[in-house]
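J.: Let me give you the structure first, and then I'll get to my questions.
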Amino acid sequence: MSGLAKTVDSGGEPLTILQDISFSVMPGETVAIVGASGSGKSTLLGLLAGLDVPTAGEIRLDGTSLAALDEDQRAIQRGRLLGFVFQSFQLLPSLNALENVMLPLELAGAGNAATVASDWLARVGLAQRLKHYPKTLSGGEQQRVALARAFAPEPRLLLADEPTGNLDAATGQQIIDLMFDLNASQGRTLILVTHDEAIAARCGRTLRLQAGRLGR
């Protein structure tokens, strides 16, 4: 990305969230984006995913400029290339664990969605929880389902937004260990938003956001 900026209206006045953001990420890299609350970390991740559009600048994903795509095309691009792990899990409450993991596979047209989803839930230690709904799972178990859902479609890029933010320290450590182990075994590119310096230190590179700008 180059020259990225994001400004929103705030009570009739422009509020700059991000300005002059430029960096690139190579395939297979693990990159942490750190910064204080309100520094623009989650906004930046949303722009990288094409969930939002920048006020200025360009984002190129897999060689394609996101500005050249409409909303539907960006959604197709996300489904083809990206996996997400959210702080709040973002599981659908009406679907059980197996169905939550199957969903992105089915949207991608996979014919063996149930088999692949079952395999991934077993890999994250939930082989006995396939039919359980999110409300019956602990926070750590829900995040394991979310990890399985993110990795199952074999995305080239994994985006994680404070994946341990709603977990206690011990459970959060287990989730981080699992995420890095899965990512290493799959050889994916990982961009991780966190405020935890210990988690950031496990990434190959750290980018620091301060008041919407990359620190020097």
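The values are calculated or read from the model by the stated rules, or taken from the named source; none is laboratory data. Predicted, not measured: the structure shown is a model, and the values here were computed from it. Cβ placement follows ideal geometry from the backbone for every residue including glycine, while neighbour counts extend to all protein chains displayed. Protein only, heavy atoms only, side chains kept; ligands, DNA and RNA dropped before computing areas. Shrake-Rupley method; radii C 1.70, N 1.55, O 1.52, S 1.80 Å.
J.: Among T136, T164, what's the order by accessible area (1.4 angstrom probe), most exposed first?
T.: Heavy-atom accessible area, descending, gives T136, T164.
J.: In nm², what is the average projected area of the convex hull enclosing the Cα atoms of the range 118-216?
T.: Averaged projected area of the range 118-216's Cα convex hull equals 7.3 nm².
J.: Can you tally the net charge around Y133? Count Lys and Arg as +1, Asp and Glu as -1, for every other residue whose Cβ sits under 15 Å from the Cβ of Y133.
T.: Surrounding charge for Y133 is +3.
J.: What does the accessible area of I21 come to, in Å² to the nearest 10, when a probe of 1.4 Å is used?
T.: Roughly 0 Å² of I21 is accessible to a 1.4 Å probe.
J.: Another question about this same structure. Would you mind checking the tilt of helix 113-123 against the longest principal axis of the Cα atoms of the chain, expressed as 0 to 90 degrees and rounded to 10?
T.: 90 degrees
J.: Here are some values of Rg and Dmax of the Cα atoms in Å: (1) 16.4, 54; (2) 16.5, 50; (3) 17.3, 53. Which one was computed from this structure?
T.: (3)
J.: Moving on to the next point. How high is the relative contact order of the chain, in percent, with contacts defined as C-alpha pairs under 8 Å that are six or more residues apart?
T.: With pairs under 8 Å counted, the relative contact order is 31 percent.
J.: Moving on. Could you state the angle between the C-alpha long axis of helix 97-107 and the longest principal axis of the C-alpha atoms of the chain, as a value from 0 to 90 degrees rounded to the nearest 10?
T.: Between the helix axis and the principal axis of the chain, the angle is about 60 degrees.
J.: Would you mind checking the tilt of helix 169-186 against the longest principal axis of the Cα atoms of the chain, expressed as 0 to 90 degrees and rounded to 10?
T.: Value to nearest ten degrees: 90.
J.: Once you order the gyration tensor axes a ≥ b ≥ c over the Cα atoms, which shape class does the range 68-152 get: rounded for a/c under 1.5, otherwise prolate or oblate by comparing a/b with b/c?
T.: prolate
J.: Once you have a ≥ b ≥ c as the square roots of the Cα gyration tensor eigenvalues for the range 13-61, tell me rounded if a/c is under 1.5, and otherwise prolate or oblate according to whether a/b is larger than b/c.
T.: Oblate.
J.: Let me ask you something else. When the accessible area of the chain is computed with all protein chains present and a 1.4 Å probe, what percentage of it is carbon and sulfur?
T.: Roughly 50 percent of what the probe reaches on the chain is carbon or sulfur.
J.: Take R74, R123, R205, R80 and sort them by solvent-accessible surface of the protein heavy atoms, 1.4 Å probe, largest at the top.
T.: Ranked from most to least accessible, the order is R80, R123, R205, R74.
J.: Calculated from DSSP H runs of 4 or more alone, at -39500 (n - 2.57) each and per residue, what is the 222 nm mean residue ellipticity of the chain, nearest 500?
T.: Estimated from H runs of four or more residues: -10500 deg cm²/dmol.
J.: With every protein chain in place, what's the accessible area of M1 (1.4 Å probe, Å², nearest 10)?
T.: 40 Å²
J.: Go through F86, F151, F180 and list them by solvent-accessible area, largest first, probe radius 1.4 Å.
T.: Ranking F86, F151, F180 by accessible area, largest first, yields F86, F180, F151.
J.: Still on this structure, I have one more. What accessible area per residue, rounded to a whole number of Å², is obtained for the range 89-158 using a probe radius of 1.4 Å?
T.: 47 Å²
J.: By how many nm would the segment from Q128 to N112 lengthen if fully extended, with 0.36 nm per residue of separation less the alpha-carbon distance?
T.: 3.8 nm
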